[in-house]
Every structure is written in structure tokens, then in C-alpha cells.
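Asks: Questions regarding the structure given below will be posed in turn.
Please treat every number below as a calculation from the coordinates, not as lab data. Owing to the predicted nature of the structure, the values given are computational and were not obtained by experimental measurement. Neighbour counts are summed over all protein chains in view; Cβ atoms, including those assigned to glycine, are modelled from backbone coordinates with ideal geometry.
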Amino acid sequence: MVKTTGEGLSIAADYQGRTLTSLDYWNTKAKIMVSNLPVKSVTTVYAQLGDVLAWLCTIGFLLLAGFLLLV
């Protein structure tokens, strides 16, 4: 992941969040940041479950709203 800024701290990080390269606009004479980024990734919980949690929340909300309307 690369987070660039116009006048701030730009960072390039790997798939585990470790900083590979950083460039502070105000404290560095060089204004070009070069970094080799790996293309490896990790499997996240969201990638495994997909939208199951979102659908469960939607169903729970509808059930709660229906219960409150009946009471």
C-alpha cells in the first residue's frame, strides 16, 4: 500500500503493515520516493465470510424493528 501526500509524510508499506519506505516532505531534500512493493497478500476474515456479517446485522435490525412495532 502506498499513501502519498502533497506536503506531508508519504509511506509505502507491505501486506503486514511494515513501513518499507517513507518520505517526509518537510525534512527531506529529495522529493521523489522509490520503493519496491511485494504483491503477496494475506487472507482476511472478511475475505472468508464475505457479506455474512452485514446480512446478519440487516436481519437483526429488521427483526428488532418488527418486534418494536408489535409491542
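Asks: Could you work out the helix-only [θ] at 222 nm for the chain, with each DSSP H run of four or more residues adding -39,500 (n - 2.57) and the total divided by the number of residues, to the nearest 500 deg cm²/dmol?
Replies: Value at 222 nm, helices only, nearest 500: -10500 deg cm²/dmol.
Asks: Could you give the nm distance between label points at Thr21 and Ser41, where each point is 7 Å from its Cα heading toward the beta carbon?
Replies: That separation, rounded to one decimal, is 2.2 nm.
Asks: With a cap of 11 neighbouring Cβ atoms within 10 Å, and only residues DSSP puts in a loop, list the chymotrypsin sites (Phe, Trp or Tyr not before Pro) found in the chain.
Replies: Those that pass, being in a loop and sparsely packed, are Trp26.
Asks: Could you name the aspartates and glutamates in cross-link range of Lys40, using Cα to Cα under 15 Å and dropping any fewer than eight places away on the same chain?
Replies: Asp14
Asks: Here's something else I'd like to know. What does the charge dipole of region 1-40 about its Cα centre add up to, to the nearest 20 debye, if the Cβ of each Lys and Arg holds +1 and the Cβ of each Asp and Glu holds -1? Don't skip to the end; give the middle numbers.
Replies: Working: 5 positive and 3 negative charges, 19 e Å.
Charge dipole of region 1-40: 80 debye, to the nearest 20.
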